[in-house]
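We did not get these values from a lab; they are worked out from the coordinates using the rules stated. This structure is a prediction, so every number in the text was calculated from the model and none was measured. With ideal geometry, Cβ positions are generated from the backbone for all residues, glycine too; neighbour counts draw on all protein chains shown.
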Ligand code: KG4
């Protein structure tokens, strides 16, 4: 009999539920919370309330779309963390209640592991293109920027990570300060396509090893825009495409320099990306181009699996389930990666 896993994701501002059958996706439903837009960032208390409203209908629609009854489910996989505690609590509590009522096991998933395994979501009628182990994953999101060595679905090592801001944070904060809206990544991505990346240059950090830093470049962009605006209040409006192109290029250069270094150090040429920033068109193009040059095999997740989604949680959960892991009923969500 097939393993049918319900995945639940509620770590930040998307409520998502997905159903997979032996790794094949049957449904993936995401309710994105619009309530945060006017605040220019996610408001944790509003996020957890919205999750409470969304979770039951989202799970119901995911089951309906999959053509699966609750009694058909083998197990429930849920995001335990890292993320916003109040948001995680909604998904965790829902998973517990459903597990108790259906008398089926639960498995807990580290959200970042979901992103790392997003390339293993299989879809009927599509070729199976999966990285082989070991591979490197450039994990780039609003909360994390890491290079991860993945030796098996459940065995991974962080080789480098940001010592301050995440790259998504740099996109978001700079877009906000430049008055471009929220979330910043997609806006900067769109404007950068229209601009000249060679016109403005931003200082890059010198961080030893494979770690990243994005707070310096963020600050240098903000000072640069502030100083230019003092001279010409229309500077931003007139030059926003070139500024975004230059800024995005600098961020991609920083990411790629360390990824190339990690590949050289480990000898690993199977390369994947994951997390919200992996939707960035400049980064995707660049990773493919570098890959060709360096004889890497590159794997890019589909756009809909780059941002938060329960399909990746269900797939990661399936690996945990098959390894025999089960989550106890008194499991508590955790907000920080270090607490895993
Ligand atoms: O993985 P994610 O959905 O949420 C977590 O952080 O867990 O990532 C969200 C981040 C935001 O910072 C957003 O600006 C960024 O992903 N993002 C992008 C793009 N689309 C989303 N950054 C750059 N280019 C994009 N196209």
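Running a GNM on the chain with Cα contacts under 10 Å, which residue among 219, 307, 272 ends up with the highest mean-square fluctuation?
219
For region 285-339 and region 167-212, what is the separation of their Cα centres, given in Å?
Using only Cα atoms to place each centre, the spacing works out to 24 Å.
Connecting C-alpha atoms closer than 10 Å in a GNM of the chain, tell me which of 204, 238, 176 has the biggest fluctuation.
The residue with the greatest mean-square fluctuation here is 238.
Tell me, 129, 150 in order of fewest to most beta-carbon neighbours within 10 Å?
Numbers: 129 10, 150 21.
The order, fewest Cβ neighbours first, is 129, 150.
Just to confirm the number: angle between the C-alpha axis of helix 44-66 and the first principal axis of the chain, 0 to 90 degrees, nearest 10?
60 degrees
Arrange the following residues from fewest to most other Cβ atoms within 10 Å of their Cβ: 94, 319, 39.
Numbers: 94 22, 319 19, 39 10.
Final ranking by Cβ density, sparse to dense: 39, 319, 94.
In deg cm²/dmol and to the nearest 500, what is the mean residue ellipticity at 222 nm of the chain if only DSSP H runs of at least 4 residues count, each as -39500 (n - 2.57), divided by the residue total? Intermediate results must be reported in sequence, preceding the final value.
Numbers: 9 runs with 143 residues, N = 340.
One gets -14000 deg cm²/dmol as the mean residue ellipticity at 222 nm.
Determine, at each q value in 0.21 (inverse angstroms), the log₁₀ of I(q)/I(0) that the Debye formula gives when each Cα of region 221-340 is one equal point scatterer.
Debye output, listed in q order: -1.19.
Given a Förster radius of 56 Å and the C-beta distance between residue 64 and residue 230 as r, what FRET efficiency does 1/(1 + (r/R0)^6) yield to the nearest 0.05?
0.50
Most mobile of 103, 330, 13 per a Gaussian network model of the chain (Cα springs, under 10 Å)?
Maximum fluctuation in the GNM of the chain, among the listed residues, is at 330.
Under the Kirkwood approximation applied to all pairs of distinct alpha-carbon atoms, what is the hydrodynamic radius of region 135-300 in Å?
16.2 Å
Quick one: compute the contact order of region 135-300, relative version, from alpha carbon pairs under 8 angstrom and 6+ residues apart, as a percent.
This gives 28 percent for region 135-300.
Over the Cα atoms, compute the radius of gyration (one decimal) and Dmax (the largest Cα-Cα distance, rounded to a whole number) for the chain, in Å.
20.3, 70
Highest first, please rank the peptides 18-31, 50-63 by the mean number of other Cβ atoms sitting within 10 Å of their residues.
On the way: 18-31: 21.3, 50-63: 19.1.
Order by mean packing, descending: 18-31, 50-63.
Under a plain spin-label model, where a point goes 7 Å from the Cα along Cα-to-Cβ, how far apart in nm are residue 269 and residue 256?
The modelled label-to-label distance comes out at 1.8 nm.
If each residue's Cβ is checked for other Cβ atoms within 10 Å, how do 284, 80, 326 rank with the fewest at the top?
Ascending number of Cβ neighbours within 10 Å: 326, 284, 80.
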